[in-house]
Structure formats: structure tokens, C-alpha cells
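Nothing in this text is a laboratory measurement; each read-out follows from the coordinates by a stated rule. Values in this document were obtained by computation on a predicted structure and should not be read as measured data. As a convention, Cβ positions derive from the backbone with ideal geometry for all residues, glycine included, and neighbour counts pool all protein chains shown.
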Amino acid sequence: MLKRTADPATGGGTAPPGAALRGQGLDAAAVARIADGATPASPHPAALEAMERTRLAARRLAAEGTRVYGRSTGVGAHRGQAVEEHDGAGHDLRLLLSHAGGVGEALPPRQVRAMMVVRANQLLAGGSGSGPEIAVAVLDALRAGVHPRVPEYGSVGTGDLTALAQLGLALFGHGTWLRDDAGAENAFPGGHLPESLPLRHGDALALLSSNALTLGQSALASHDLGVPLRAAHPVAALSLYAVGGSVEPYAPEVHAAHPHPAIAEAAARVRGLLGVGAGGGTAPQGMPGGVPARVQDPFGFRCFPQVHGPATEAWSNLERVLSIDLNSATENPLIGWDETTGVPVALHHGGFFTAPLTLALDQLGLAVLGTARLSAARLSGLGRPELTGLRSYLADASSAGSGMMILEYSAASALAEIQACATPAALGHVVLSHGMEEAATFATQAARKSLRLAPAYRLVLACELVAAVRALRLRGTRPAPDTPAGRAYVRAAAVLDPDMGDRPLTDDVTAAAVLLDEFAGLTGDD
């Protein structure tokens, strides 16, 4: 059995901000902080020592003439071709140069920085056979605010070879570093970091063998989607209040009878935001009319828990998958020491095949589509006189006023983008490398689609929030000020323009989208 050489005293869980990187405890929030410019923590000495031990194992294997993929052989379809002695010195550089063949526009610095911190943490998990100076150099580049140019296309979820080859060329003095805060045409003075690393035997494959870019993008998508998913509860609560909706669908008895935990939690949050008592069946004090205006509300108001609960559950599942993948040594082959015999081993495997990540991302995309559709439905409901008792589309007293009519169209446009992003990436199929790689996960494509989900979903919710505040203003009512929903209304009313006349609402939606960051912190227990 292969022996993991990371510090055995450290268990799982999430490392606090600023904790030393050690191949364990990295989560999506930490990846996002560093990707957005925070300085990464220093590597833990125990993790650096673990990397050195795996390098010693790799050297012993080489000295013994053990056949090891990518080190003494070619890669992919050339796995059966031995690296001849007279070509050995240049093998690693040729791997980097040949694999740095990505195409398309350069990725934003944020995504490349996410890749870099993930790769450094993976290396520190111990298993690559590379030396500790590589992880240190990657973290130094992050601190220096530089990154390599990484083209958008080059991976289908079985290894981010093209992206990591660009990182390798920069690390080993054969590529260019770009400043994080400048355009892609501005290279870091000197072309590379002051002290580029020597390229030693085995370093190329050890760096390339990873899905670090896909994982970094997935971590950013998870982080970015977490905000609107949490903010949706107070937005939906304000909309429910604005139409005088029934809180019976949110009653604890309803969810005890059909006990899906995530659905019950979504209902409980809305009850708490509105200040509904433990019974949950009566309207909160100050609700228009004191009793529900209708026997049943449309699905957008009535089925929020059943649709949004699964979305938060899917998000939690992605976080769980990332908690494993961000902190795992998945290099192929996995280099280490047999814990029984004490001899060095190289285990060839398929641990880089990111099927769990693809499925988690696809599930989240479909779940976000469902809850975004209900948000658009509530927006439509807020424009209907039979639900609000107000003029159509919340127009003012002007004859034939349009009010917030156009928000339906804007939200529908953003929703169409979400629907396009929700098409499962796992449906893809490809055969590569002379048939040796006859399947792919397409996790990379799933991650890129997920990154596009967050801003579109934000805008759908922002359109709903603008309409809900407008309806509450026109009705002259609001949730009780001592409730979280009441405080949310006061905050939104202070930011959004009170002019009810026909006018462009773009700035209102932009401001509402920013407010969602604050709304995400409202739990219903406030």
C-alpha cells in the first residue's frame, strides 16, 4: 500500500484563513480569496518534507531502472515507447513544449491564480515525486502577482495538460510571466521571476498530471454561486410579502410530512426571515390583510422550498466533492513508499478522471435553472394586478404606463443563458490518443459553464428584488422592521431609486445585484 507522506497529525476539515498550506483543508472560499488577490499562506514544513521524500522515491525508481510512465516512457499513445538515454536530458522540456498547445483567448488572471493555488496544494499533498521547490515557486509567483498566459481551450476533463504546461514553462525559465493587474500584453519585468527553477528529470509530468485549472474554476463557480443561492431566501420572502402570499406552504407540519432536509431548511429560513412563529401557518404581523389573500398561490410563491432546497443541496454536494479533490494527490503515476516493505513505488491509475466533479457541477446547473425559473415566475407574478392589487406591471398613475414590464424580458434573457449553461457536460463523448483514452469527463466544460451561471442567476434575482421593493412601496406596506425581511427591505429601499415613473431600470438592477452580497448573510435567525 502506498504511504501518504503528508503530516498524519492533521485531519480533514477546513483550514482557517492564513493557515499554512499542507495539501489538506483547502476549500472553495480559500481558493476564491487567493484568486481575488489575497496573499497565500506559506507551505507547512511537514508538507515540504513529504514532497522531498516522494522525490527521493522517484530518484530511487529511476536509479533502479523501473519503468515509470512519463519519466522513462512517452505519454498518452506513446506510453509504450521508452525514452532513449541520449534523449533523456531533454525529455522533460520537450513534454512541456509539446503540451503547451492550448488555443483561444487568454483566461482571466483570477482563473489562472485559482489553478495555481490548487496545484500548489495538490503538490503539498505528496504523491507527485517532485521537489518542494516547485510548490514554493508557485506560491511565490502568486505573492508576486504574476501568472502565465493560459489559453481557454485545451482540456476535456482528463488533465489540464496545456494549462499546466504553460505554468511549467514559466516556472522553469522557458516562458513568460504576466502581471495580474495588467493586460495580457504586459509581461513581468525580466520575462520571468528573477530565479527560474532548474528543470530536473521527472518534473514535467509531475507538474502536468493534474486537473488544477478545472478544480480552480469549479471552486470559483461554487464560491460565486453560493452568494445568490443564499440571497434567494430574503428576496423570495419579500416577494411573498408583496403579493400577500400564504405562508402555509412553509409550515413545519408540511415539511415534517414530506421530510426532505434541504427543503425543510429553505422553508424554515423564509419563516424566520418573515418572523413567522413556530406554528408557521399564520401570516406574520403586518402582512397585508392579516390572512392569505388566496386559497393557493402560484408555484413561484408556493413551491419555493421544493425547488430552492435541492439547489442548496446540490451546492453543498459540490462543496463536498471539492473538499476531497482540492486536497488529493491524483498525479499519474502516484509516487511514494510502500508502507509495508519500505521500497519506492509508482502506482499507475485513473484517479485524475473527474467523474464525481462533472456530475456535481451538472447537478448544480440543473438545480440553479429550476430555482431561477421560479424567480422569474415570481417576477411575473409581481406584475399581475390580481396578485398585488396594483396596476399592471407596477406602473404609476400615468395612462398606459409600462412600469417594470421590461424586467420580464431582461430576466428571461438571463434565464436563457442559465438554461444554456445547464445542459449536462457529462453528455459529451470523445476518443483521443489512438483510442487509449476512449472517454472523458468534460469536467472542464462543466466548470466553465458553471462560472457563467452565477452572474446570470444574480441578475434574475436582482430583477425580482427590484420588482418586490417597487410593489411594497406602491402598497405602502412592508415586513415588520424587527424581522430580517424588514431590515432587508429598509436596506434595499435606501439603495433603489424610489421614482415610480417610466424610466430605465438598469441601474436599479445593477444596485440590487450588489445588494445580494449583503442579503446572503441573512439567515432568518438574525
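Going by average Cβ neighbours within 10 Å, how do the peptides 57-65, 204-212 rank, with the highest at the top?
My ranking of the peptides, most packed first, is 204-212, 57-65.
Give me the percent of DSSP beta bridges within the chain that run antiparallel, rounded to the nearest 5.
Roughly 95 percent of the beta bridges in the chain run antiparallel, per DSSP.
If packing is taken as the average count of other Cβ atoms within 10 Å, what order do 462-473, 166-177, 489-500 fall into, highest mean first? Walk me through the intermediate numbers first.
On the way: 462-473: 27.2, 166-177: 22.9, 489-500: 15.2.
Output ranking for 462-473, 166-177, 489-500: 462-473, 166-177, 489-500.
Under a Cβ-Cβ cut-off of 10 Å, what is the net charge of the residues other than GLY365 that fall near it, where Lys and Arg count +1 and Asp and Glu count -1?
Its environment carries a net charge of +1.
Taking amide H positions as placed in the peptide plane 1.01 Å from N, state which residues far from TRP337 in sequence (5 or more) or on other chains have amide H under 5 Å from it.
LYS3, VAL345
Could you tell me which residue out of ALA377, ALA212, VAL112 lies farthest along the dipole of the chain toward its positive end? Charges go on the beta carbon: Lys and Arg +1, Asp and Glu -1, centred on the Cα centre.
ALA377
Could you tell me whether the chain comes out rounded, prolate or oblate from its Cα gyration tensor? Rule is a ≥ b ≥ c as square roots of the eigenvalues, rounded for a/c under 1.5, then prolate if a/b exceeds b/c, otherwise oblate.
Values: a/c = 2.63, a/b = 2.25, b/c = 1.17.
Taking the square roots of the gyration eigenvalues as a ≥ b ≥ c, the chain is prolate.
With a/c under 1.5 counting as rounded, go ahead and sort segment 348-463 into rounded, prolate or oblate using the C-alpha gyration tensor (a ≥ b ≥ c being the square roots of the eigenvalues; past the cut-off, prolate if a/b is larger than b/c, else oblate). Spell out each step's value before the answer.
Values: a/c = 4.86, a/b = 3.89, b/c = 1.25.
Since a/c reaches 1.5 and a/b is larger than b/c, the shape of segment 348-463 is classed as prolate.
For the pair ARG384 and ALA257, what calculated FRET efficiency results from E = 1/(1 + (r/R0)^6), where r is the Cβ-Cβ distance and R0 = 41 Å, to the nearest 0.05?
On the way: r = 30 Å, r/R0 = 0.74.
With a Förster radius of 41 Å, E is 0.85.
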